[in-house]
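The values are calculated or read from the model by the stated rules, or taken from the named source; none is laboratory data. Here the structure is a predicted model, which means the values were calculated and not measured. A quick note on method: Cβ atoms are made from the backbone with ideal geometry, for glycine too, and the neighbour counts reach across all protein chains shown.
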Amino acid sequence: MRWIRETTPQPEQAGLYTQALIITLGGNIFLAAAKGVAAYLSGSVALYSDAANSVSDVVYSLLMVLGLRMAQRPPDLSHPQGHSRFEPLIGLVITFSMAFAGFEAARASIIRFQAGGLAVEPGLPTLVLLFSAAVKVGMFLRIRWIGQRLASPTLATTAKDNLSDVFTSAAAFLGAVGSKFLHPLTDPIAGILVSAWIFRMVFHAGKENLGFLTGQGADEELRSRLVKLAEEVPGVKQVHHLMSEYTGPRLVVDLHINVDGRMTLFEAHEISDQIIQRLEALPEVDRVYVHIEPEGYD
């Protein structure tokens, strides 16, 4: 009797995950340190808010290393369906670190706003923010490419976070420059905008990972695609029942089909194998179970 689901290690996938982790962790540590030093030397609260965001990025990078390593472990007797649920679990923990960064950014900005603001001298803050934006653009492009190759929602979210960091750095840049040439309150206002963007990312990331953890099903478009692919297999009369749920970042699909009741068991088994092969080729799908019933049965 087979007790666990057999899987085959994929060295290429492991290499891509490792590359993504190195880029994310190394890049965020470097940027957090650079922004922190620049914020301390310049006194820019907008830059401080952006530095707090980068510190949260370092925290989630460390958690992502742990989560993805655990999620890639093969099935065992304690987790016969694999460890993929660890990925969205860590993703949910990451949202708390992002929320803390948003709170810290908002708190510092409101205090500075109540104090009347502070004119920040251009130079170091603007250079750091422009450099940070350029680095984040590069991180976004590479992590997005890896995430698409691996169909990883964690890496897809990480790529989006990198892109959002480009906009937060831009807001902090405008705040620092505006405090000198427009009004001192421009700097804390920009810091508040940065915190608002962070909270927006927290909401979307939390919603997505909660869906993965609570057994959310496929959306209508994907359900229709699954049915269409199954019904294109020769011998399938119709798909009369489909149920799907996320067990981690990918779907488990339970499919009931009708076939000619007079065909042999070998023929029916061949149809089932073809359906499984087609559906499991989709990046959103982890595994498929097919139930075969004679035509006319529901």
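Per-structure values
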{"read-out": "Residue that is farthest from the chain's Cα centre (by Cα), among those in region 215-254 that are assigned to a strand (DSSP E or B) and either more than 30 Å from residue 92 (Cα to Cα) or assigned by TED's automatic domain parsing to the domain that holds residue 151 (or both)", "value": "238"}
{"read-out": "Candidates 84, 49, 54, filtered to the one that is assigned to a helix (DSSP H, G or I), surrounded by 15 or more Cβ atoms within 10 Å (Cβ to Cβ) and modelled with pLDDT under 75", "value": "49"}
{"read-out": "Only one of 157, 126 that is in a helix (DSSP H, G or I), of a type outside the set (Phe, Trp, Tyr) and either modelled with pLDDT of 80 or more or more than 28 Å from residue 185 (Cβ to Cβ) (or both)", "value": "157"}
{"read-out": "Only listed residue being touching a Phe, Trp or Tyr at 6+ places or on another chain (Cβ under 6 Å) and either outside the structural domain of residue 31 (by TED's automatic domain parsing) or surrounded by 18 or more Cβ atoms within 10 Å (Cβ to Cβ) (or both), chosen from 129, 150", "value": "129"}
{"read-out": "One residue from 244, 195, 224 being crowded, with 19+ Cβ neighbours inside 10 Å and farther than 29 Å from residue 167 by Cβ", "value": "244"}
